[in-house]
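Presented below is the structure to which this report refers.
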Amino acid sequence: MGDPLISIDRLARHYSVGGEVVRALDGVSFDIQAGEWVAIVGQSGSGKSTLMNLLGCLDTATSGTYRLNGADVETLSDDQLADLRNKEIGFIFQTFQLLPRASALANVELPLVYRGISRKERRATAEQALRSVGLGNRMHHRPNELSGGQRQRVAIARALVGDPSLLLADEPTGNLDSQTGEEIIRLFGDLNARGHTIILVTHEPKLAARCPRAIKLMDGRVLGDGPGAEVAALQGPRAVGT
Amino acid sequence: MRRAWQRTVSEWVEGLRIALSSLAANHLRTFLTTLGIVIGVMTVIAIVAIIDGLNASFATQIGNLGTHTLYVDKWQWINTRDDWWSMRNRKNMGRTELEAIEREATEALAVAPMAGRSVTVAAGAEELSGIRCTGTNQRYLETGGGSVAAGRFLGPTDVELSRSVVVLGADVADRLFPKVALDEVLGKRVRVRGAPFTVIGVMARRGRMLGMDLDTNVTIPFTTFLRDMGGKRSITIAVTSAPGRLSQLEDELVGILRRARRVPPEKPDDFSMNRQDQFLKLYNQLTGALYGVAVGVGLITLVVGGIGIMNIMLVSVTERTREIGVRRALGARKRTILLQFLIESSVVAALGGAVGTGLGLGVAVFVALVSPLAAAVTPGAVALGLGFSALVGLLFGIWPAWRAANLDPVEALRYE
């Protein structure tokens, strides 16, 4: 095995809220290889959102190290982080986060705009990405003219369009009915089979159980790291229900 | 390198696209926001256009005074000091001074006396009153006195022999001899203040100067004037210099006049040198003040408009917090976001500036049509209006754009 795609070591993120230090993430370490499909699972307050923001280079850690595709994220400037997000990471959000006034195609083109790709090439690439998620016939619709599942597909196309090394999905099925959610998860399976590295952040153990690997967080620490089905079933000492 | 350039271009194009689509999405809000800028620019453009028009018309009028001519007079034409009485008590200007200047002034190219009074001019049953009668000599035209349209001007012999000949102003010729060709007017007999005169020429039309009609006058030989119209009046002496030698001429004339008028060394001059640029100076002072007030009012309105733009941009930033978060997540740098909002505020302001410029020019043209005020549309005024409004948009857009650029992407994405 070569260098891991993601390598984090004793990563911590502390906030001070009203003079009190909240250890949202308190020393987390793991590696993720290229081509893996990993769920980060945990309940609300477990630190998974904080971890996702760090992995997505939207936030920087208080201490510890994070290497993404060979780059030491902690040492990068704000502009370099923006460029890193643009090239290495494809975000998929629970609420889709599409621009309401732009067509599906324009939404998908956006990452390429910030990369300085010519208009023609941008359009062709974005059309290709939309076709690959099965939306070849919805390119010029605006988000409010699309169903929830279609919107999430647009968002996935937008995440894919820049050919990033990592897809980072935050509760991608949270706003979808179970059948549509199922389609999206199957789409992730396809994408993973095609070689994409996927990190799926979720609070649902059932979803995590379907991933080849899961990392369970609790109170800002790793509770378990292993095959999805096993880790998802882990119960922490203070876990209450699901 | 090429990539970086391409990226900059895409950022600008994207910024412009976002700005336009955001403006289009909020018609009413855009309109109301730009109203302040529109009114400000409109005010400035209209007033500047009208003042420029006045300036141009004034410059033309004042051009009737010779550019290189000094008008030596008992009176200061533009009385800046309140010494009317002291001027009233000055000795009259007369032949002595005229002859002294003609004899001694080496800087003078042409010297012409100008004696004047209001007279009645008649021909047949036609009688015109309130006509300005000027007594002068053959050099008068060289001092900036206009030109002859028909016949000839006064000659040296006319003056020497005190002939009863007259050159008619364009209006006087028209009114005394309506429907008569100019050449036919020559040789006609007219009565000036009752005395018979022969018409030898008709002046070309000159227009107005400072409310004075320069075409309702008659010109007769200086000597004839002194004989028939009264010789006690104070006269004006027009003296022309070579181009650029006006001050040398003035210095020389002061010496000649002080000697001719026997002014003791310790006393101030008891005469005045009038020149065209004094009028221009006074005029520019007056319109300059008006200019200042107009531009001041316009600037205040622009600042108010700018605050309006800042306000609406802050609203816009708040409304689009999540959009900003998304863009940051997808790889927009801070300065990309900054640029996006700066473009938006500048476009709003420049749009207002363009509309305001159009309206301002409309107002100026309208004023010019319905009133005697002139209006001149100068490219400078238009550039001023557009430039200033875009600048206002830029300045007042900085803070909202800076706030947008410095939003924490995590917070922005979570914003409800």
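So how strong a dipole does the protein assembly as shown carry about its Cα centre when Lys and Arg Cβ are +1 and Asp and Glu Cβ are -1, to the nearest 20 debye? Intermediate results must be reported in sequence, preceding the final value.
Details: 73 positive and 64 negative charges, 298 e Å.
In total the dipole reaches around 1420 debye.
Does anyone have the angle between helix B:379-405 and the longest principal axis of chain B? Alpha-carbon axes, 0 to 90°, nearest 10?
20
Excluding residue A:23 itself, what net charge comes from residues whose Cβ is under 11 Å from its Cβ, given Lys and Arg +1 and Asp and Glu -1? Write out the running numbers ahead of the final one.
Working: positive: A:13, A:221; negative: A:20, A:26, A:219.
Every neighbour counted, the sum reads -1.
What quantity of accessible surface, computed with a 1.4 Å probe and excluding non-protein components, is buried in total between chains B and A, in Å² to the nearest 100?
Details: alone 20980 and 11710 Å², together 30200 Å².
Accessible area lost upon association: around 2500 Å².
Please find the FRET efficiency linking residue A:141 to residue B:402, where r is the Cβ-Cβ separation and R0 is fixed at 35 Å, and quote it to the nearest 0.05. Spell out each step's value before the answer.
Details: r = 35 Å, r/R0 = 1.00.
Between residue A:141 and residue B:402 the formula returns 0.50.
With unit charges on the beta carbon (Lys/Arg positive, Asp/Glu negative), name the residue among B:165, A:197, A:209 whose Cα is farthest towards the positive pole of the charge dipole of the protein assembly as shown.
Of the listed residues, the answer is B:165.
Got a sec? Which residues of region B:1-38 lose 40 Å² or more of accessible surface with every protein chain in place, vs. that chain alone, 1.4 Å probe?
B:3, B:6, B:7, B:10, B:14
Applying the Karplus parametrisation 6.51 cos²θ - 1.76 cosθ + 1.60 with θ = phi - 60° to the phi angles of region A:68-76, what ³J(HN,Hα) value in whole Hz is obtained for each residue in order, glycine and proline being reported as x?
Computed from phi, the couplings for region A:68-76 are 10, 6, x, 9, 7, 4, 4, 8, 8 Hz.
Where does each of B:212-224, B:188-200 land if you order them by average Cβ count within 10 Å, highest first? Mind showing how you got there, number by number?
Working: B:212-224: 21.5, B:188-200: 17.0.
Per-residue mean Cβ counts within 10 Å order the peptides as B:212-224, B:188-200.
Magnitude of the Cβ-charge dipole of region A:1-156, K/R +1 and D/E -1, about the Cα centre, nearest 20 debye?
Numbers: 18 positive and 17 negative charges, 187 e Å.
Value, rounded to 20: 900 debye.
Once Lys and Arg get +1 and Asp and Glu get -1 on their Cβ, which of B:16, B:28, A:133 lies farthest toward the positive end of the dipole of the protein assembly as shown?
B:28
Ordered by residue, what ³J(HN,Hα) values in Hz, to whole numbers, does region B:271-283 give under the Karplus form 6.51 cos²θ - 1.76 cosθ + 1.60, where θ = phi - 60° and Gly and Pro are x?
Residue by residue, region B:271-283 yields 8, 10, 9, 9, 9, 4, 5, 5, 5, 4, 5, 4, 4 Hz.
Rank these by accessible area, largest first, 1.4 Å probe: A:122, B:152, B:322, B:259.
Working: A:122 20, B:152 105, B:322 70, B:259 150 Å².
Ranked from most to least accessible, the order is B:259, B:152, B:322, A:122.
Taking springs between alpha-carbon atoms closer than 10 angstrom, which of A:88, A:20, A:171 fluctuates most in the Gaussian network model of chain A?
A:20
Once amide H atoms are placed 1.01 Å from N in the peptide plane, what residues at a sequence separation of 5 or more from residue B:148, or on another chain, have their amide H within under 5 Å of its amide H?
Here the answer is B:204, since their amide H atoms fall under 5 Å of that of residue B:148.
List the relative contact order of chain B as a percent without decimals, with contacts defined as Cα pairs under 8 Å and 6+ residues apart. Don't skip to the end; give the middle numbers.
Working: 731 pairs, mean separation 121.2, N = 416.
After rounding, I find 29 percent.
Anything losing 40 Å² or more of accessible area from the isolated chain to the full protein assembly: pick those residues out of region A:32-63, probe 1.4 Å, ligands and DNA/RNA ignored.
Buried by the other chains: A:58.
At what distance in angstrom do the alpha carbon centres of region A:172-205 and region B:87-151 lie from each other?
104
Work out the length of the dipole vector of region B:22-110 about its Cα centre, built from +1 on the beta-carbon of each Lys and Arg and -1 on the beta-carbon of each Asp and Glu, and round it to the nearest 20 debye. Write out the running numbers ahead of the final one.
Values: 8 positive and 9 negative charges, 75 e Å.
Charge dipole of region B:22-110: 360 debye, to the nearest 20.
Between A:118, A:16, A:147, where does the largest GNM mean-square fluctuation fall for chain A, given springs only between Cα atoms within less than 10 Å?
A:16
How large, in percent, is the carbon and sulfur part of the accessible surface of chain A at a probe radius of 1.4 Å? Please list the in-between numbers first.
Working: 4810 of 10440 Å².
The C+S portion of the solvent-accessible surface of chain A is 46 percent.
Under 30 Å Cα to Cα from residue B:334, which lysines show up? Leave out anything in the same chain fewer than 8 places away.
By straight Cα distance, residue B:334 reaches A:48, A:87, A:120.
How about region B:289-329: which of its residues lose at least 20 Å² of accessible area in the presence of all protein chains relative to their chain isolated, using a 1.4 Å probe?
Residues shielded by partner chains are B:322, B:323, B:326, B:327, B:328, B:329.
Per residue, how much accessible area does region A:122-242 have with a 1.4 Å probe, in Å²? Don't jump to the answer; show the numbers that get you there.
Numbers: 5540 Å² over 121 residues.
For region A:122-242, the solvent-accessible area averages 46 Å² per residue.
List the lysines whose alpha-carbon lies under 29 Å from that of residue B:188, not counting same-chain residues fewer than 8 positions away?
In chain and number order, the partners are B:179.
Of the options B:100, B:187, B:69, report the single residue whose Cα projects farthest towards the positive end of the charge dipole of region B:69-274 (beta-carbon charges: Lys, Arg +1; Asp, Glu -1).
Value computed over the given set: B:187.
Sort A:178-186, B:353-361 by packing, meaning the average of other beta carbons within 10 Å per residue, with the highest value first.
B:353-361, A:178-186
Return the long-range amide H neighbours of residue B:163 (sequence gap of 5 or more, or a different chain), with a cut-off of under 5 Å between placed amide H atoms.
Amide H neighbours of residue B:163: none.
Mind listing the phi-derived Karplus ³J(HN,Hα) values for region A:107-119, rounded to whole Hz, using 6.51, -1.76 and 1.60 with θ = phi - 60°, and x for any glycine or proline?
Karplus values, whole Hz, x for Gly and Pro: 4, 5, 6, 3, x, 6, 4, 6, 9, x, 8, 5, 3.
Taking every residue in A:78-86, how many Cβ atoms of other protein chains lie within 10 Å of its Cβ, on average? Walk me through the intermediate numbers first.
Numbers: counts 7, 4, 1, 4, 12, 3, 1, 6, 6.
Counting Cβ atoms of other protein chains within 10 Å of each residue's Cβ and averaging gives 5.
With r defined as the distance between the Cβ atoms of residue A:190 and residue A:229 and R0 fixed at 22 Å, what FRET efficiency is calculated, to the nearest 0.05? Could the numbers behind the result be given before it?
Numbers: r = 20 Å, r/R0 = 0.93.
The computed FRET efficiency comes out at 0.60.
For residue A:22, what residues show an amide H to amide H distance below 5 Å, using hydrogens built from the backbone and excluding near sequence neighbours?
Long-range HN contacts for residue A:22: A:15, A:16, A:17.
Would you mind telling me which residue in A:91, A:30, A:188 has the biggest mean-square fluctuation in a Gaussian network model of chain A, where springs connect alpha carbons within a distance under 10 angstrom?
A:30
Rounded to the nearest whole Å², what accessible area per residue is found for chain B with the 1.4 Å probe? Display every interim value, and only then the final one.
Working: 19760 Å² over 416 residues.
Dividing the accessible area of chain B by its residue count gives 47 Å².
Packing-wise, with mean Cβ within 10 Å as the measure, how do B:83-94, A:40-51 rank, highest first?
Numbers: B:83-94: 13.5, A:40-51: 23.0.
Per-residue Cβ counts within 10 Å, averaged per peptide and sorted highest first, yield A:40-51, B:83-94.
What accessible surface, in Å², does a 1.4 Å probe find on residue A:109, ignoring ligands, DNA and RNA and rounding to the nearest 10?
Using a 1.4 Å probe on the heavy atoms, I get roughly 10 Å².
The values are calculated or read from the model by the stated rules, or taken from the named source; none is laboratory data. Keep in mind that this is a model prediction, so the values were computed, not measured. Positions of Cβ are generated from backbone atoms using ideal geometry, with glycine treated the same way; all protein chains shown enter the neighbour counts. Heavy atoms of the whole protein, side chains included, go into the accessibility calculation; ligands, DNA and RNA do not. Shrake-Rupley method; radii C 1.70, N 1.55, O 1.52, S 1.80 Å.
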